[in-house]
Amino acid sequence: MTKHARIISVSNQKGGVAKTTTSINLAASLAMADRRVLLLDLDPQANLTSGVGLKGQSAAGGTIYDALMTTGQPAQDFVLPTGVDHLFLVPADRHLTGAEIELVMLPDRDQRLRTFVNQLRGEYDYIFIDTPPSLGLLTLNALVAADTVLIPLNCEYFALEGIADLMSTLDRVRESLNPSLIVEGVLLTMYDDRTNLGQQVGASIREFFGDQVFRTVIPRNVRLGEAPSHGVPVILYDARSRGAEAYVALAREFLSRDLAAVGSH
Ligand SMILES: Nc1ncnc2c1ncn2[C@@H]1O[C@H](COP(=O)(O)OP(=O)(O)OP(=O)(O)O)[C@@H](O)[C@H]1O
Ligand SMILES: [Mg+2]
């Protein structure tokens, strides 16, 4: 049966809020639950690519940079298998740094990723796009290509700072190229329930975003920081860690929200 992937942009222009960690570990948890999942690395830092152990590798067609800059090559040529069953990657490398500037000169500069990724919808259940910490042309391409946006927020004092800029970017994208873009959910990351600050910030985020916030919260956990250096998702590194359990719980909640949405039609 042909699939019709949902395309999810994991975005927040603030750096270090766990966009990449969430992309890898939610995707891997869904793959473990027998969903076919594609990860797309749209960050020149290429942390996602190294996090699944494929640093420096490119597919037959090249990396995401080549996919954005060329036309005509089949999209599947840019996909690599990972060490996890059902989990695939379109890799990035440092070349992508130049794309932000080079894209400006190309036709359909903000729609090139959409053209590319739409060709892959039939092969996967979910496609996650890991975006860089900026609201530049790469992130714009992701938001134009996506059906939904998943927003990780770290539970620190400045968590909501800059969120207005992200929200107005989402509005701008809806008004122009992607009217049906919705928020998949807001995820509290690096949560430390031993501190008042963590609890207060979590509460104020829930007040601001209401039901859009996932009930699952990702705790601060060193295993989540260690796993990427071994090139594997945390469930393969330490399945019993709190970090692994949290991302498995998130995948479960993610899937149950999906089922609820299907049921309501
Ligand atoms: N829950 C957590 N507990 C402990 N460390 C974490 C957790 N989540 C992420 N980290 C670590 O925090 C750092 C930032 O996470 P990550 O790279 O996922 O953020 P990011 O939003 O993708 O960053 P960037 O904006 O630079 O792309 C990484 O070193 C990561 O391993
Ligand atoms: Mg990142």
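Numbers below:
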{"item": "Paramagnetic label zone (point 7 Å from Cα along Cα-to-C-beta, A33; backbone N under 11 Å) in segment 76-94", "result": "none"}
{"item": "Using a Förster distance of 41 Å, the FRET efficiency for R194-T71 (Cβ separation, nearest 0.05)", "result": "0.20"}
{"item": "Distance (nanometres) between label positions extended 7 Å along Cα→Cβ at V222 and A164", "result": "4.0 nm"}
{"item": "Proximal charge balance of D85 [Cβ under 13 Å; K/R count +1, D/E count -1]", "result": "+1"}
{"item": "Listed peptides 243-254, 9-20 by packing density, highest first (mean Cβ within 10 Å)", "result": "9-20, 243-254"}
{"item": "Charge-dipole axis of segment 1-146 as Lys and Arg at +1 and Asp and Glu at -1 on Cβ define it, positive-most pick from L138, I24, L89", "result": "I24"}
{"item": "Share, in percent, of DSSP beta bridges within the chain that are antiparallel, nearest 5", "result": "10 percent"}
{"item": "Over the chain: helical MRE at 222 nm, DSSP H runs n ≥ 4 each giving -39500 (n - 2.57), nearest 500", "result": "-11500 deg cm²/dmol"}
{"item": "Within segment 121-215, GluC sites (Glu not before Pro) in DSSP loop having at most 11 other beta-carbon neighbours inside 10 Å", "result": "E161"}
{"item": "Percent RCO, i.e. relative contact order, over the chain, from Cα pairs under 8 Å lying at least 6 residues apart", "result": "25 percent"}
{"item": "Cα convex hull of segment 6-263 - mean projected area over all directions, nm²", "result": "12.9 nm²"}
{"item": "Dipole magnitude (debye, nearest 20) for the chain, charges at Cβ of Lys, Arg, Asp, Glu", "result": "360 debye"}
{"item": "Ratio of Rg to Rh over segment 1-58 (Cα coordinates, Kirkwood Rh, two decimals)", "result": "0.98"}
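Readers should treat all values here as calculations from the given coordinates under stated rules, not as data from a laboratory. Since the model is a prediction, treat every value here as computed from it, not as a measurement. Don't worry about glycine lacking a Cβ; one is built from the backbone with ideal geometry, like all the others, and counts go over all protein chains shown.
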